[in-house]
Every structure is written in C-alpha cells, then in structure tokens.
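Quick notes on the structure that follows.
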Amino acid sequence: MVCLGNICRSPLAEGILKAKVEAKDLDWDVESAGTSSFHNGDLPDPRSIAVAKAHGIDITDQRSRLFVKEDLDEFDLILAMDSLNYQDILRKASSEIQKRKVKLIMNYEKPGYNQAVPDPYWNSDGFEGVFQMLDRACEKIIDQYQ
Ligand code: 4NP
C-alpha cells in the first residue's frame with residue numbers, strides 16, 4: 001500500500017487489508033510505504049488513527065517509511081492510492097515483471113476508472129470517506145486473491 005506521506009491513506013489501507021486477512025486466516029504479508037520520506041519514522045496521522053479506531057482497527061504499531069525499489073521484488077502487488085504515487089513507483093521499476101505488479105487500488109472496485117483515493121491531509125472531513133473507499137477496494141482484493 002503506497003501513498004505520498006505514508007501517514008494518512010496507506011496506513012489505513014494497510015490496517016484495513018490486514019484486518020480482512022486476519023479474519024480470513026490468510027497468509028499474506030501486508031505493509032505500507034510512502035513515495036516521500038517527509039514523515040519517515042512517524043506514527044500515522046492522528047485523524048487516520050481515530051477513524052481506524054472507530055472501525056475497530058488499531059494502526060498505532062505502524063511507522064512511516066519510504067517506498068524502495070526492493071519492495072518491487074519483495075511484494076507480489078504494489079497498490080498506489082493515486083496517479084502521482086503510481087508514476088513515482090513505476091519510475092523505480094526496472095523490469096516488466098515489476099511494472100505489472102503496480103496497480104491503482106480503486107481499480108479493484110471500479111476496473112478501468114483510474115479513480116484516486118483523495119489525499120485527506122488538508123481536509124479533515126475526508127478521512128471517513130477515504131476509509132469507506134479503501135474498505136470497498138480491500139474487500140474486492142480479498143475476493144480476487146484469497
Ligand atoms: P498521505 O497524505 O500521502 O495520504 O500520507 C499526506 C501526508 C503528508 C503530506 C502529504 C500527503 N505532506 O505533504 O506532508
């Protein structure tokens with residue numbers, strides 16, 4: 001799960017998918033990272049922590065880290081929140097195999113729409129909506145790969 005700061009959207013995506021993976025007892029390794037290191041080592045944004053908690057998910061064990069090109073080998077799927085993240089990730093890819101792993105997460109809900117998960121960092125009202133979008137996409141991801 002990859003966004004810009006790895007403090008708002010992708011920590012929520014990580015927490016939501018991990019909760020679904022645990023509920024289904026799947027053996028998946030889920031992590032998140034940011035295309036910037038602005039918040040390296042930081043806890044998720046308090047507003048992401050609060051919205052996750054309201055839905056019964058604890059994300060306070062997470063710390064922001066930079067997305068690195070080794071992640072493209074380590075993971076089978078790299079899920080970007082928006083087209084900027086998507087392009088930044090693709091720039092680090094060095095093979096067709098790596099490039100094919102990179103997807104826009106909302107295309108799991110609405111294939112081909114290339115919908116972005118809006119960055120809620122500057123809009124405190126946006127966190128619940130972001131949670132709902134990511135929850136719908138993660139449900140489809142579970143359905144598709146479980
Ligand atoms: P995120 O949100 O990419 O969803 O974690 C942001 C968090 C921080 C900044 C930008 C986006 N920032 O510029 O510091």
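Derivation of every value follows stated rules applied to the coordinates shown; laboratory data play no part. These figures come from a predicted structure and were not determined experimentally. For neighbour counting, all protein chains shown are included, and Cβ atoms are generated from backbone atoms with ideal geometry for every residue, glycine included.
Give the peptides 97-107, 121-131 in descending order of average Cβ contacts within 10 Å, highest first.
Sorting 97-107, 121-131 by mean packing, highest first, produces 97-107, 121-131.
Under unit Cβ charges (Lys, Arg +1; Asp, Glu -1), what dipole magnitude, rounded to 20 debye, does the chain have relative to its Cα centre?
For the chain, the charge dipole is close to 400 debye.
May I ask you to derive the relative contact order of the stretch 36-97, considering only C-alpha pairs under 8 Å and at least 6 residues apart, and to give it as an integer percent?
Relative contact order here is 32 percent.
Between the alpha-carbon centers of the stretch 33-83 and the stretch 107-146, tell me the distance in whole angstrom.
Rounded to whole Å, the Cα centres lie 14 Å apart.
Evaluate the relative contact order of the stretch 70-146 (contact order divided by residue number), counting alpha-carbon pairs under 8 angstrom at least 6 apart; express in whole percent.
Averaging sequence separation for qualifying contacts and normalising by length gives 28 percent for the stretch 70-146.
Below 8 Å between Cα atoms, with a sequence gap of 6+, how large is the relative contact order for the chain in percent?
Relative contact order for the chain comes out at 27 percent.
Taking N as the number of residues in the stretch 2-145, what is its alpha-carbon radius of gyration divided by 2.2 N^0.38 Å?
Scaled against compact globular proteins, the figure is 0.96.
Given Cβ point charges of +1 (Lys, Arg) and -1 (Asp, Glu) and nothing else, what value in debye, to the nearest 20, does the dipole of the stretch 68-146 about its Cα centre take?
Here the stretch 68-146 has a charge dipole of around 380 debye.
Given the Cα-Cα distance of ASP58 and SER124 and 0.36 nm per residue of separation, how much length would full extension add, in nm?
Full-extension gain reported as 21.8 nm.
Give the shape of the stretch 90-146 as rounded, prolate or oblate, defined through the alpha-carbon gyration tensor: a ≥ b ≥ c are the square roots of its eigenvalues, a/c under 1.5 means rounded, and otherwise the shape is prolate if a/b is larger than b/c and oblate if not.
It is oblate, given that a/c is not under 1.5 and a/b is not larger than b/c.
Kindly count the pairs of lysines across the stretch 2-145 whose alpha carbons are less than 17 Å apart, treating pairs on different chains or eight or more residues apart as eligible.
Taking the stretch 2-145 as the scope, the lysine pair count is 14.
List the DSSP H helices in the chain whose Cα atoms stretch 20 Å or more along the helix axis and whose mean Kyte-Doolittle hydropathy is at least -0.5.
9-23, 127-145
Rounded to the nearest 500 deg cm²/dmol, what is the calculated helix-only ellipticity per residue at 222 nm for the chain, with -39500 (n - 2.57) per DSSP H run of length n ≥ 4?
Mean residue ellipticity, 222 nm, calculated: -12500 deg cm²/dmol.
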